[in-house]
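These notes are about the structure you will find just below.
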Amino acid sequence: MNKNQFFKPTVLYKEYMILDMIEKDSRVTQREISKEIGIALSMVNDHLDQFEKEKLVKRIKHSTKHVEYLITKIGIERRKVLNIGYLNATKELYFQAKDTFEKFLAQVKDKGFTNILLYGAGEVAEMILHAIMTSKTNEVNVLAVIDDDLSKVGQKIGNYVIIPRESIHDFEHDGILITTYTKKDLIKDKLLQIDYPIENIIEFFE
């Protein structure tokens, strides 16, 4: 999944991303910019033409296939201003996501689950654990993270060790929270096959 897939390509966003990519690599191609931001090649060229007029960038054409883009002092200052706006926007999205996880954890606690195991050492597990570690109101305690990928077993997500499914009963816990969407039904079936109580299975993606 492209990391920018959930960001709407507004004019300011495109301006920031193009200037940022040029500052990081003057040899970046229009095709690379197009792919990263998710806009047409013609639109990238239009933006670069406008940036040249505004003296934000300089375009040096070494050959028909080799073009170098240099960000100017004015362009650097503009990118800094846009960066502040970008960070404020992403910060707001982060707090919205964090609030969603904290509300979910409160519901887990209300159902009587205090000490739990997570099943699925992926991005959702990482976000839930981060929400737990930074929350001032959370009362749910995660003991460990289960994963069927043996290459992950023994590693850690933050301070939480990743364990195999066979180690579930080594931990005194109230329930297991399934933190993956694509394999949630498969994981639930695996738990039921080892006679794990269905009432103790919690699903983030119900």
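Annotations for the structure displayed:
- Projected onto its three principal axes, the C-alpha set of segment 1-88 covers 37, 28, 20 Å, listed from the longest axis down.
- With a Förster radius of 22 Å applied to the C-beta separation of Tyr94 and Glu206, the computed FRET efficiency comes to 0.40.
- Total charge dipole magnitude, segment 11-92, about the Cα centre, Cβ charges on Lys, Arg, Asp, Glu only, Debye to nearest 20: 220
- C-alpha long axis of helix 123-134 to longest principal axis of the chain, angle in °: 80
- Helix 73-110 vs. the chain, principal-axis angle (Cα, 0 to 90°, nearest 10): 10
- Per-residue [θ]222 nm for the chain (sum of -39500 (n - 2.57) over DSSP H runs n ≥ 4, rounded to 500): -15500 deg cm²/dmol
- FRET efficiency, 1/(1 + (r/R0)^6) with R0 25 Å, evaluated for His130 and Tyr181 via beta carbons: 0.85
- Projecting the Cα atoms of Leu191, Ser42, Ile128 onto the charge dipole of the chain, computed from C-beta unit charges around the Cα centre, puts Ser42 farthest toward the positive end.
- Cβ crowding within 10 Å averaged over residues, with 179-187, 64-72 ranked highest first: 179-187, 64-72
- In degrees, nearest ten, helix 41-53 long axis to first principal axis of the chain (Cα): 50
- Using a cutoff of 8 angstrom between alpha carbon atoms and counting only pairs six or more residues apart, the relative contact order for segment 111-203 works out to 34 percent.
- Relative contact order %, segment 1-135, counting alpha carbon pairs below 8 Å whose residues are six or more apart: 20
- Reachable aspartates and glutamates, given that their alpha-carbon falls under 19 Å from the alpha-carbon of Lys156 and they are not under 8 places away in the same chain: Glu123, Glu126, Asp147, Asp148, Glu166, Asp170
- Sorting 49-56, 93-100 by average packing, meaning the other beta carbons within 10 Å per residue, from highest down gives 49-56, 93-100.
FYI, it's all coordinate maths here, none of it is from the lab. None of these values were measured; they are calculated from a predicted model. No Cβ is skipped: glycine too gets one built from the backbone with ideal geometry, and neighbour counts run over all protein chains shown.
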